[in-house]
1. Express as a percent, rounded to the nearest 5, the fraction of DSSP beta bridges in the protein assembly as shown (both residues included) that run antiparallel.
2. For B:225, A:146, C:61, which order do you get if you count the other beta carbons within 10 Å of each Cβ and list the fewest first?
3. What is the helix-to-structure angle for A:3-21, meaning the angle in degrees between its Cα long axis and the longest Cα principal axis of chain A, kept from 0 to 90 and rounded to the nearest 10?
4. Please order A:127, A:36, C:134 by the number of other Cβ within 10 Å, starting at the fewest.
5. Report, as an integer, the average count of C-beta atoms from other chains found within 10 Å of each Cβ along B:75-83.
6. As a test, work out the antiparallel percent of DSSP beta bridges whose residues both lie in segment B:81-231, rounded to the nearest 5.
7. Send over the semi-axes of the protein assembly as shown's equivalent ellipsoid, whole angstrom and largest first, taken as the square roots of 5 times the C-alpha gyration tensor eigenvalues.
8. Report the semi-axes of the equivalent ellipsoid for chain A in whole Å, largest first, where each axis is √(5λ) for an eigenvalue λ of the Cα gyration tensor.
């Protein structure tokens, strides 16, 4: 049982009691704020779970309201057409949000404020459009005389339809949160780059969350039209969007129920007291600022602490053993005359490099030789301005990171990139799932039971990985390096790029990790390209050594060849820890 | 007892409720180099952060030339002649290399860096580039350059050689030795035994938040430390 | 001929005053990374300062120092009490300053009421310029702004202060390590941004309608300019002001007020999507 499971029945019982205890007029008013609560739940999904903050959610609420209102007016007497049309009030906002999200996120990695500001500007645009297109939206006066849903009355039984919608929305969101999809959402919010190096299309994941939230907003909007009988541009306004956001923040952005409680408590109290208590708005503003400052998890964060002792964690056994495929084609990688420039500086200048055989390859070179930049160019992190990169006879120049990863190239970063607030077990899941999940697996529980042979070997080598409920953020640097290494090889890539895997490790830890890299790569036929300065590592991990200097290849061969090469000696002399 | 350049007495510190270091005491004289060795996670960086002022002390004291500095914030300690090159995030990433080197001076003169540019020409080549676009090793060199040009009485360096190529490590040793000749004190946390051999007067070895060994530099140093770290 | 002179004067006036209004938001966003949603309320406070000075029967020029001191002090207090806790939490600063904007707006409403106020121009009448009559106050304002911006530009180019603030934002720990008093610097920057908005409000007070909700328009305009012009440079600020000011006046002249506004919105959305760093990004 989790906290959400405990609080929802209580809240639901209270909501159901209102028409009987406080009368139908209050229930009617409450219904309106329950609808806003559904929109706030969607905002919380985006903001709390995925880390994207939509500032203009009223766009989708208003769109749903206009679409729903028009459908109700046009097809009042034709239920066969009406219900599909009402479904459109959910699907159109969802599709629009998904499209906008995908277009924006595909161009912009990260979840900076630009997306938020775009949603705000779009809302303001929609508001202007709704105001000025009289023939379509009724302009300033809006659509009026909207009938309620067939067989319902806005003042009596429509309330129960709204309660059902709330139950539906909560169930959908709860389901997502507990499924692999929810875990992927959380991982995106914690470390998007790591996700794309694992082959996940983070733009699609974020757009999906945004679409779900817009669909919920659209549903609430359509019911709003039925309940209020009128839809004006106010339903699209950024002022409403702002209020929705404030309710979400006060109720708790990481919670499912919190936003609903926030909308009801704050929204209803405000509409009651705004005109009677003179300084009400000032009190609300202070309360809001206080929440942002001192209780970022909102009201739900406070009750969670209270309810936490009642929540239990269930653990799943990993009993679904998957075999790992061996590669059919050897790992062959070719850089041909690759140029990369940042500003006026040429970082790679005609780098040509050929990795033909499966095995362990080291890349060495003085600081600034372009080693990490070569990795970045290969994995879509730096734009290649000239030349080509081929992988298994296929050109991969300038492919985005997740596409490169899906072709079997994994990458471990120099400073270990992990998901700090997630457990070791969740890391293992995400690594194992990177080979692909079907839609049913993404929404089911079965995928949590996966393991594979590589995981078994990793468990033997690194007992720390067995402590699956441990938070990754509490691990030492050495264990983080191990965890990220595990994450990058667990799905058996063809080639793994390791950027100073032993950086910051002691001599002893270095020896352990080096031995593990060798054992896993040999056993599962994973090729590795390793950037390293430490010759004790290079000695034990190099079938072949490439030397880079000033953005180009200087020499290559066995370690003995390199040591005998006088041009290499001239620019580079290996050290030892 | 003669007044030492830098003295640490019974220092204890940590993060929140967690005490990481206990009862650390040492002193460093003018023109002396103290190296601090130890496995990862034993508290070396925590010690440096406490000395620089990033981390408040739980108890104990730090004196620089007789002045108690343990209550002063980092920027004040810098003003008194304490320069510090941290282990992580060592540059202002969005700023240019040149801005990184000049922003804490009134003038934007690069002359004070000439002798360092001669040893690390890469830094001069990249002056107009943003520091964030440098490689890890280059950033460490940039930070080292910034620290050493400050010409401070006491220099703290936390793993200056991480990711730095061997020939540049040699150049770093040269710069540190000339600072020592100018009677300044240097405290270095380091994993690279070659650098320690090249610069240290004394070495202390830490484990589990305490000093477990102290020794002078000499021909047996490498074996001595390697044995201690093996455990 | 006369209409084109008038168009030129009007456009210059629009661009210069827009740049003045944006400056405060640009300082706070560009230097501290805080998108100050209460920016418009600082402009409003400045305008109410002018109203208060004139109601008290004092010379209007006194409203400038009063506005600077009042908004600077409010900014100082807000940084010390709220913003200081929120650097590195961009979403939260957005929300907290949003809350602050409501707070300030309601505060203004309590003090001055909801009704529209106006301030009369300190110098009335118009002057004949290249064949057209143009209000003297506007001409004076434009000249003062030109001189002011030129002085600011020289200072900005020559001083290290801007670099230090950016350094502090990028890596506050390292900034203290190299000897910068980061707390003081951030507070100064925020207070300066607020004071600049207040000054804009006082200078524009005779030309706008003054009411508690007036801030939102200034916030939005300024925000679009930042989006288009890019952050962290005066050049970007002027490019943005010209583009937004120009687009709005061209759009409204050709197709009416709503069309001008919609044009500006569309331009902003395109920039946010395709070129979020703006036309004139930081070096």
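1. The antiparallel fraction comes to roughly 55 percent.
2. Fewest-to-most Cβ neighbours within 10 Å comes out as C:61, B:225, A:146.
3. So the helix axis and the longest Cα principal axis differ by about 10 degrees.
4. Final ranking by Cβ density, sparse to dense: C:134, A:127, A:36.
5. Partner-chain Cβ atoms within 10 Å, mean over residues of B:75-83: 3.
6. Approximately 45 percent, going by the DSSP bridge assignments.
7. Taking √(5λ) for each Cα gyration eigenvalue gives 52, 39, 29 Å.
8. Calculated on Cα positions only, the semi-axes equal 54, 25, 21 Å.
Rule-based calculations on the coordinates, nothing more; no lab input. Note that this is a predicted model, so its numbers are computed, not measured. Counting neighbours? That spans all protein chains shown, and the Cβs are built from the backbone with ideal geometry, glycine included.
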